Amino acid sequence: MIKIIVVSLAVIAALAIFVRAIESRFAFFPSRGETTTPGDFGIAFERIALTAPGGVTLRGWSMPHASPRARILYFHGNGGNLSVWAPILAGIHRRGYAVHAFDYRGYGESTGRPSEQGLYRDVDAALGWAWEGAVQAPLVYWGRSLGTTMAAYAASKHAPAGLILESGFVDARSLLRASPPMALLSLFASYRFPTARWLDEVRVPVLVMHGDRDRVIPFENGEALFERIAAPKQFVTIRGADHNDAAPPDPHTYWSVIEAFTDQL
């Protein structure tokens, strides 16, 4: 019996070490460098550099607007870098918004290596940047995919005027429950990405959007996240939208909802 217990504990310890050694490879898919910029879409922008805890340098873009209907601090997903997200950021700017966006550590031209706790420190640095100076319009945090966790964390630290969560999820384990092997391995992981928990103390208006054809984060995950929110909230189904769509299938409805949300802040 003692031998069985010892072997079992050794297996558990080995699994924990193995999972924690590889978990970042399953959570983050960064690409390095910078190719496409807002300038390629005819949008004036400023390159910025932020210093995050640990001496990490974060690179970002500031896309001002002469008369913004709101300012957007955008938190992108776990893949690519700002250049990959440039078409989406340009689309937001064209609708009348000033846009601030940055690359997490290890993405684009930002230094360091990504980790869950590291990304939270990056968000802390971005909040200092977004809130500095005079406030010309409501500041809205907009997160997409993994960025919904970062936006929720940001809202728990410094409340914005409003919060947009697109293609989000309750937490990391909620995404893995459909796969028993992955759900078992997640028991040994250190990453949690607890989007819903970060929202527990948030009381600003929240707009939750999710594509009904999302093949990465199922539609039901977005519904479950919405149910956990105690703040004033609105849920919008993006008809026909998949997870990585650069543009919504029905842009009129999509932007009408967003503009109505931000205009009432």
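Sticking with the crude label model, points 7 Å out along Cα→Cβ, report the distance from A49 to E220 in nm, one decimal please.
So the two model labels end up 4.8 nm from each other.
Using R₀ = 25 Å, calculate the FRET efficiency as 1/(1 + (r/R₀)^6) where r is the Cβ-Cβ separation of D40 and T237; round to 0.05.
The formula returns an efficiency of 0.20 here.
Counting other C-beta atoms within 10 Å, which of W85, W129 has the fewest, and how do the rest follow? Could the numbers behind the result be given before it?
Details: W85 23, W129 17.
Sorted ascending by nearby Cβ count, the order is W129, W85.
Taking loop as defined by DSSP and a crowding limit of 13 other beta carbons within 10 Å, which chymotrypsin sites (Phe, Trp or Tyr not before Pro) in segment 221-261 fit? Before the final figure, lay out the partial values.
On the way: sites: F226, F235, Y254, W255, F261; in loops: none.
Loop-located and lightly packed - none at all.
Around S145, with a cut-off of 11 angstrom between Cβ atoms, what is the net charge of the other residues, counting Lys and Arg +1 and Asp and Glu -1? Don't jump to the answer; show the numbers that get you there.
Working: positive: R144; negative: E166, D214.
That works out to -1.
Could you sort 29-37, 96-104 so that the peptide with the highest average Cβ count within 10 Å comes first and the rest follow in order?
On the way: 29-37: 14.0, 96-104: 23.9.
For the peptides 29-37, 96-104, the packing ranking is 96-104, 29-37.
Scan around I72 for amide H atoms under 5 Å from its own, H built in the peptide plane at 1.01 Å from N, and keep only partners 5 or more places away or cross-chain.
A98, V99, H100, V140
Show me 68-76, 40-48, 56-64 ranked by packing, highest mean number of other Cβ atoms within 10 Å first.
The peptides rank, most packed first, as 68-76, 56-64, 40-48.
Once phi is turned into θ = phi - 60°, what whole-Hz ³J(HN,Hα) does the Karplus curve with 6.51, -1.76 and 1.60 give for every residue of segment 247-262, x standing for Gly and Pro?
9, x, x, 10, x, 4, 5, 4, 6, 4, 5, 5, 5, 5, 5, 6
Less than 13 Å Cβ to Cβ from R239, Lys/Arg counted +1 and Asp/Glu -1: what total charge do the surrounding residues give? Numbers along the way, then the final one.
On the way: positive: R213; negative: D212, D214, D242, D245, D250.
After counting each charged neighbour, the total is -4.
Could you tell me which label, among [x] 18.6, 53; [y] 19.1, 73; [z] 22.3, 76, carries the value of Rg and Dmax of the Cα atoms in Å calculated for this structure?
Here the calculated entry is [y].
How much mean residue ellipticity at 222 nm does the chain get from its helices, if each DSSP H run of length 4 or more adds -39500 (n - 2.57) and you divide by all residues, to the nearest 500 deg cm²/dmol? All intermediate terms of the calculation are to be shown ahead of the outcome.
Working: 9 runs with 106 residues, N = 265.
Roughly -12500 deg cm²/dmol at 222 nm, from the helical runs in the chain.
Between the alpha-carbon centers of segment 25-88 and segment 218-233, tell me the distance in whole angstrom.
27
Local charge sum around I92 (other residues, Cβ-Cβ under 12 Å, Lys/Arg +1, Asp/Glu -1)?
Details: positive: R69, R71, R94, R95, R144; negative: E166, E259.
Net local charge, I92 excluded: +3.
We did not get these values from a lab; they are worked out from the coordinates using the rules stated. Please read these numbers as outputs of a predicted model, since none were measured by experiment. Glycine gets a Cβ as well: all are built from the backbone with ideal geometry, and neighbour counts include every protein chain shown.
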